[in-house]
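Chemist: Supplied in C-alpha cells, the structure appears directly below.
The values are calculated or read from the model by the stated rules, or taken from the named source; none is laboratory data. It should be emphasised that the depicted structure is a prediction, and the values quoted were computed from it without experimental measurement. Neighbour counts run over all protein chains shown; Cβ positions are idealised from the backbone, glycine included.
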Amino acid sequence: MQRWLTYQRERFPLAQYAPLVLVTGFCVLRYAGDFPGWGPYLAVSLLSLLLYLQLRVLDEFKDYHDDLAHRPYRPVARGLIRLGELAWLGLGAAALQALLCAWLMPSALPVLALVWAYMALMGKEFFAHGWLAARPVAYLLSHLLVVPLMQVFVGLWGGLRAEGVPGLAALSLCAGALMELGRKIRLPQEEEAGVQTYSALWGWRRALAVWAAVAAAGALAAAWASGRAWPLFALAGLLLAISQMYQRPERGLSTISAISALWVVVLYLALAFRL
C-alpha cells in the first residue's frame, strides 16, 4: 500500500486533481442547464477523475523508455510500480466507469467509449510518433482534443444540448492547453537533459508569450460561451501578473502551474455563473 501512496503523491496527486475535477465538473453541469443533483454530480466527478488517472497510466507506458534514459527517479523507472500493475489499474477503472455510467447515465456510454478510443490512439501517438515529435504544436493539439471530449461527457449528465457544445469545447481546449504549457515552462537552469519542454524548444520568454496568448484565447472562449464580458475584464489582472513574470522570472515561472490552475477555475466559473 505504501508504494501506491508514494506513486499517487508523485504522479497523480489527488490534492491537485480532485479539487480541479470537482470545480470544473460542477461548472460544466451548471452550464449544461440541468444540474442533476449531488449524487450524479459526485458520480460523474469520480468518472472524470478516473479518466485523468487513465491518461496518467497511458503516459507511463508512452514515456517508459524516455524515463529510463532521462528521468530514472520516477516511480515506474526506478521499479516502485510495474507497468503491468498500472495496466490492471487502468482496466479496473474502466470497469467501474462502465458500470456506473450504465447504471446512472446509459445514454452517455457512447461518448465514454469515444473518449477511451481517443485515449488509446493517444497512447499509440496516433501511429505517427516521428511526425508528431518533430512538430510540437501538432503534438500538443492532437493530445489536447481529449479534454473537450471528456467535458462533453460530463456535460451530458446535465443535459448538454448541441448548441452548447462549441463554446464548451473551445473553453476546455484552451484550459487544457494552458495547463499543459504551464507545466512545461521552466527557467534555463531548471531544464533537464533529454526532457522536452516548451521553454527548451522556444526559450522561456517566447513560451510564456504563447501561454499568455492561450490564456487570452480562453477568456474569449469563456466570454463567448457565457454570453458575458467579465472574463475579458478578469484577463486584465492576469496580464498584470504576466508582466511581473517577465520582470521577475525566477519567482514568476515557479508559480506558473498554480496560476494556470487558478485561471482555468476562473474560466469555468464563467460557465457556471453568468454574471
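Chemist: Just one of Val195, Val214 is of a type in the set (Val, Ile, Thr), surrounded by 19 or more Cβ atoms within 10 Å (Cβ to Cβ) and either out of contact with any helix residue (DSSP H, G or I) (no Cβ under 9 Å at 6 or more places or on another chain) or not assigned by TED's automatic domain parsing to the domain that holds Pro106 (or both); which is it? I'd like the intermediate steps shown before the answer.
Modeler: On the way: Val195 fails: surrounded by 19 or more Cβ atoms within 10 Å (Cβ to Cβ).
On inspection, the qualifying residue turns out to be Val214.
Chemist: Identify the residue in region 236-257 that is touching a residue at least 40 places away in the same chain (Cβ under 8 Å) and of a type outside the set (S, T, N, Q) and, among all such residues, is nearest to Val214 (Cα to Cα).
Modeler: Here the residue is Ile256.
Chemist: Which one is farthest from Ala222 (Cα to Cα), of the residues in region 28-53 that are of a type outside the set (A, V, I, L, M) and surrounded by 22 or more Cβ atoms within 10 Å (Cβ to Cβ)? Lay out the reasoning, then the answer.
Modeler: Let us first name the residues in region 28-53 that are of a type outside the set (A, V, I, L, M), namely 30-31, 33-41, 45, 48, 52.
Applying the additional criterion that residues be surrounded by 22 or more Cβ atoms within 10 Å (Cβ to Cβ) yields 31, 48.
Working: Tyr31: 11, Ser48: 21 Å.
Ranking the qualifying residues of region 28-53, first place goes to Ser48.
Chemist: Could you tell me how many of the residues in region 157-194 are under 27 Å from Tyr246 (Cβ atoms), part of a loop (DSSP other than H, G, I, E, B) and out of contact with any Asp or Glu (no Cβ under 8 Å at 6 or more places or on another chain)?
Modeler: So the answer is 7.
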